[in-house]
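The values are calculated or read from the model by the stated rules, or taken from the named source; none is laboratory data. These figures come from a predicted structure and were not determined experimentally. Note: ideal-geometry Cβ built from the backbone for every residue, glycine included; neighbour counts use all protein chains shown.
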Amino acid sequence: MLPGFYLFMVDRFLRFLQSRHCAQLVSARILPCKTVELNFAKSQGLSYTPTSIMFINVPSISKLQWHPYTISSSSNLEPEILSVIIKCEGSWTEKLYEKLASPFPVEHLSVSVEGPYGPASTPFLRHNKLVMVTGGSGIAPFISIIRELIYMNSTMKCRTPSILLISVFKNSSELTMLNLLLPFSNASHGISNLELQVEAYVTRELEPPIENSKPPQTIWFKANTSDAPISTTLGKYSWLWLGLITSLSFIIFLLTMGLLTRFYIYPINHNSYEVFSYSLKSALDMLLLCISILVTATAAFLWNKKQSSIENNQIKEAKGLSPLMHKSLAINPIDRELESLPQQSLLKTTKVHYGRRPDLRRILTEQEGSSVGVLVCGPKSMRHDVANICSPSSAANLHFESISFSW
């Protein structure tokens, strides 16, 4: 029990140190369906798997509330940007949306983060076809998978499974969430070579709206010297540093505990528990344990933070101002033309159905192939329906996996 508790204390304190600093928020994409994509700067050494999550705190809204959100970016496709998608579904998200979507949005927003956290591996590559069933904001974890497949297809030139994305929305304004399938920071990476088919269903409208919905709005934030790109807590050699912290802090704990026993407890106790209580000794041992972890973890964290700051400054000096963070790109007509090419590819692969829900049983049972991965993220009833369809008695080639937001 003690080794597990000790490792938990080390990990928990390192998370605390990470969450005390503000992350560099570069921009935000605001959709008319009350959905926001926050784009943070990140170090190139930070990697994470698709469907990872990150905890976010905005002190100007609440200093105590931390909320987990799905990361929509790919660390391989977007090495300098980390994106999360937030949909208004509560008072905290409503306040955040009002701050960003107001006629006079804030020029700088302080945001603290903790993470990212995600699965050790993603098994979706073992299938020859992927069927993704989403409801509303449930599309968020699949955006990271699609962006990762875009990277594998366009950069690594490796075979990727074909994708059928079935998205169910209440209103046509939510169709703008499909724009988030395209990477925000990589206009040159298209999806034209990816076998992607999008079937979108709008359940509460019978036909397309007469007026076009408001296009997504992008706002840029001013840089602050106190903000830093999101990076790993202990740098590129995190496992080595974690082992060093654990070993060194335990050695310090043993030494201080021995000195305390020899020069403070033993002269009073004289090998008897009648004078010096056992409970007080245990409390002192726990205090020494916490102090040893605090000292070693803080020293390692500050050292790595200093080294990371030096490396980031060197990269900025070598490359100049990153184009991802330059506001003028948003108004460059040439860049707009380049960005429209992936948009056109996405429109060609998208089919919108109004006034009905998808016939999931028919769609899934018609899927051919020896291994079809069926991923679902949405309401509980949707997950249960898809799970029943994918049962071994119904279809042997369908492999069900559920992703939920019940953290």
Over the range 40-54, the set of residues within 11 Å of the chain's Cα centre (by Cα), part of a strand (DSSP E or B) and either within 17 Å of P183 (Cβ to Cβ) or at pLDDT 95 or above (or both) is F40
For the range 210-245 the number of residues that are more than 24 Å from the chain's Cα centre (by Cα), surrounded by 12 or more Cβ atoms within 10 Å (Cβ to Cβ) and not β-branched (V, I, T) is 3
Selection from the range 5-35 of residues of a type in the set (S, T, Y) and under 18 Å from S309 (Cα atoms) yields S19
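Would a scan of the range 89-110 turn up a residue that is assigned to a helix (DSSP H, G or I), in contact with a His (Cβ under 7 Å, 6 or more places away or on another chain) and not β-branched (V, I, T)?
Going through the range 89-110, the residues assigned to a helix (DSSP H, G or I) turn out to be 91-101.
Still in the running and in contact with a His (Cβ under 7 Å, 6 or more places away or on another chain): 92.
Still in the running and not β-branched (V, I, T): 92.
For the range 89-110, residues assigned to a helix (DSSP H, G or I), in contact with a His (Cβ under 7 Å, 6 or more places away or on another chain) and not β-branched (V, I, T): present.
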Is it the case, given these coordinates, that I166 is in contact (Cβ under 8 Å) with a residue 12 or more places away in the chain and within 20 Å of S52 (Cα to Cα)? no
Is one or more of the residues making up the range 70-88 more than 11 Å from the chain's Cα centre (by Cα), at pLDDT below 90 and surrounded by fewer than 16 Cβ atoms within 10 Å (Cβ to Cβ)? no
Of the residues in the range 55-88, those that are farther than 30 Å from K157 by Cβ, of a type in the set (A, V, I, L, M) and assigned to a strand (DSSP E or B) come to I56, I86
Residues of the range 1-26 being surrounded by fewer than 22 Cβ atoms within 10 Å (Cβ to Cβ) and farther than 25 Å from T296 by Cα, in sequence order, are Q24
